[in-house]
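Following: one structure in structure tokens, then a few remarks.
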Amino acid sequence: MEFAYEVKTEKSLSEAVAAVQAALAERKFSVLFELNVTQTLESKGFDLPHEIRILEVCSAPLAKRAFDANPSVAYFLPCKVVVKRVDGQTTIGFTSPGALLSLMGDPRLDAVGQEVAVALTAVVDAAR
């Protein structure tokens, strides 16, 4: 099982972030927080040669199902969608919910993990 799903895009970082936000909204996911990693590190005096944004995202109905199955799922939520620009190439991706949830060894989370993966794959592909 791959730890992440990632695709390349010809969009700028800002265009890709906007496309991800729109695709998330269409699928009833909320962006809870957006971390501009590059800007944060620069504010601390560190230069990063890449542009990286991390969007923490959540589908309330799917999160509720996961929490009902096993409250320890909180260690893996919210999901993260990463948009980065490295060496002139923008990519969009997310960590595999199945890979993360498999660490818990709780088969009750398999179905919701698969559903989240399908939804986030559709988000990334639409934002591409």
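A short reminder: the numbers here are calculations on the coordinates, not readings from a lab. Keep in mind that this is a model prediction, so the values were computed, not measured. When we count neighbours, we look across all protein chains shown, and the Cβ atoms used for this are built from the backbone with ideal geometry, even at glycine.
Some observations on this one:
- Against the conditions (1) in contact with a Lys or Arg (Cβ under 8 Å, 6 or more places away or on another chain); (2) within 21 Å of V17 (Cβ to Cβ), A69 satisfies every one except (2).
- Taking segment 101-128 as the range and being out of contact with any Cys (no Cβ under 8 Å at 6 or more places or on another chain), closer than 25 Å to A22 by Cβ and buried (at least 17 other Cβ atoms within 10 Å of the Cβ) as the test, the residues that pass are V112, G113, A117, A119, V123, V124, A127, R128.
- Residue within segment 38-59 that is within 24 Å of A119 (Cα to Cα) and exposed (fewer than 13 other Cβ atoms within 10 Å of the Cβ) present: no
- Members of segment 1-25 that are in a loop (DSSP other than H, G, I, E, B) and either hydroxyl-bearing (S, T, Y) or surrounded by 14 or more Cβ atoms within 10 Å (Cβ to Cβ) (or both): K11, S12
- When segment 60-85 is filtered for residues that are closer than 19 Å to A4 by Cα and in contact with a strand residue (DSSP E or B) (Cβ under 8 Å, 6 or more places away or on another chain), the ones remaining, listed by number, are L77, P78, C79, K80, V81, V82, V83, K84, R85.
- Applying the criterion of at least 2 residues that are within 18 Å of A127 (Cα to Cα) to the helices (runs of 4 or more DSSP H) found wholly in segment 31-106 leaves an empty list.
- Residue among K28, K84, K64 that is surrounded by fewer than 17 Cβ atoms within 10 Å (Cβ to Cβ) and touching a Ser or Thr at 6+ places or on another chain (Cβ under 7 Å): K28
- Qualifying residue in segment 27-48 (condition: at positive phi, in contact (Cβ under 8 Å) with a residue 12 or more places away in the chain and within 15 Å of the chain's Cα centre (by Cα)): yes
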